[in-house]
Amino acid sequence: MNYERPELLEKLAGAYVLGTMGARARRRFARLLAESPQAQRAVAQWNNELAPLNASVPPLPPPPDVWQAIAAKTAPGAAKAAAATPATASATPGWWRGLFEGWGRPAVAFGLGAVLAVGLVTTNPGVLGMHHMDAALPASYIGILSDAQGDATLTVGSHRHGETMKIKVLKPIAIPSGKVAKLWALPTDGAPVPLANVPASGDIMVRLNGHAEVIFRHVSRLAVSFESDHAAKVPSMPFVLSGHCVKFW
């Protein structure tokens, strides 16, 4: 298998970062990662692209039985002893506490956010398609919009001082006949701002009415609605897609 093929490498790097890669495949990719600059750049690219999800994932405490499950998998003898003598949080080995304490911390929050974007791995390498193949993502505004089922459906990205916006459809949108799918910016304060009409599939580059920094700096969320009027200034409700708009720099 040619691991240096860009399309394959992008998919493998995404699966590696998101944690959806099988154990054997992960070990093989880790060996490749140790010796391949191309693989290292691809992994850095995925980490940079999805890092903004940290800001949009709320803290989530582990289930009450998580320590028992961990003990049963890693130290069966200790698990039996723990079952005989009720354990307290203070009895939990310090290194396990350090791993799971505060599930909202970046590493675990990233993994939770990755669930939202798991479809990106198998179908959309180079998800945002808005930067060069280097190890750092330029200062950007990024949004990942999901449908009512929580499936990542649309990505939006714009460089901080750019005047264009990249829209990429990850999952085909069933736009009703006679209507358009319109993307809206939802400021923290103020009325929704129409940005562009979204295609049912594929991706487009849209020219903004000004610098991204001016348009997005007070925008906390993005959303999509179906509109009969192609030039609608006010959205219909409810929104069919929505997601956080985060800045990355």
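The values are calculated or read from the model by the stated rules, or taken from the named source; none is laboratory data. None of the values given here were measured: they were computed from a predicted structure. With ideal geometry, Cβ positions are generated from the backbone for all residues, glycine too; neighbour counts draw on all protein chains shown.
For the stretch 206-231, filtering for residues that are among the small types (Gly, Ala, Ser) and surrounded by fewer than 16 Cβ atoms within 10 Å (Cβ to Cβ) leaves 4.
Just to verify a result, which residue in the stretch 233-249, among those that are modelled with pLDDT under 90 and in a loop (DSSP other than H, G, I, E, B), is nearest to Gly143 (Cα to Cα)? Lay out the reasoning, then the answer.
Quick first cut of the stretch 233-249, residues modelled with pLDDT under 90 only: 236-238, 246-249.
This time we only want the ones that are in a loop (DSSP other than H, G, I, E, B), so: 236-238, 249.
Numbers: Ser236: 20, Met237: 20, Pro238: 19, Trp249: 14 Å.
Within the stretch 233-249, the match that is nearest to Gly143 (Cα to Cα) is Trp249.
With respect to Pro176, determine if the residue is part of a loop (DSSP other than H, G, I, E, B) and either without any contact (Cβ under 8 Å) to a residue 12 or more places away in the chain or touching a Phe, Trp or Tyr at 6+ places or on another chain (Cβ under 9 Å) (or both). In short, yes.
Looking only at residues that are touching a Phe, Trp or Tyr at 6+ places or on another chain (Cβ under 7 Å) and in contact (Cβ under 8 Å) with a residue 60 or more places away in the chain in the stretch 223-249, which one is nearest to Gly162 (Cα to Cα)?
Restricting attention to the stretch 223-249, the residues satisfying the condition of being touching a Phe, Trp or Tyr at 6+ places or on another chain (Cβ under 7 Å) are 223-225, 235-236, 240, 245, 247.
With in contact (Cβ under 8 Å) with a residue 60 or more places away in the chain added as a condition, the list becomes 223-224, 240, 245, 247.
Numbers: Ala223: 21, Val224: 22, Val240: 27, Cys245: 16, Lys247: 13 Å.
Looking at residues that are touching a Phe, Trp or Tyr at 6+ places or on another chain (Cβ under 7 Å) and in contact (Cβ under 8 Å) with a residue 60 or more places away in the chain, I get Lys247.
Scan the stretch 115-131 and give yes if some residue there is touching a helix residue (DSSP H, G or I) at 6+ places or on another chain (Cβ under 9 Å) and modelled with pLDDT of 90 or more, otherwise no. Checked the stretch 115-131: no residue is touching a helix residue (DSSP H, G or I) at 6+ places or on another chain (Cβ under 9 Å) and modelled with pLDDT of 90 or more.
As a summary of the residue check, Ala181 satisfies the conditions (1) modelled with pLDDT of 90 or more; (2) surrounded by 17 or more Cβ atoms within 10 Å (Cβ to Cβ); (3) farther than 15 Å from Leu241 by Cβ except for the one numbered (3).
Somewhere in the stretch 208-228, is a residue at pLDDT below 90 and of a type in the set (D, E, K, R)? No, there is no match, as no residue in the stretch 208-228 is at pLDDT below 90 and of a type in the set (D, E, K, R). Residue count for the stretch 176-197 under the criterion of being over 15 Å from Met237 (Cα atoms) and β-branched (Val, Ile, Thr): the result is 1. Kindly indicate the residue of the stretch 146-178 that is surrounded by fewer than 16 Cβ atoms within 10 Å (Cβ to Cβ) and of a type in the set (Ser, Thr, Tyr) and also nearest to Ile215 (Cα to Cα) among those meeting that condition. Top of the filtered list is Thr164.
Can Ser201 be described as free of Cβ contacts under 8 Å to residues at least 12 places away in the same chain and part of a loop (DSSP other than H, G, I, E, B)? Here the answer is no, as Ser201 does not meet what is asked.
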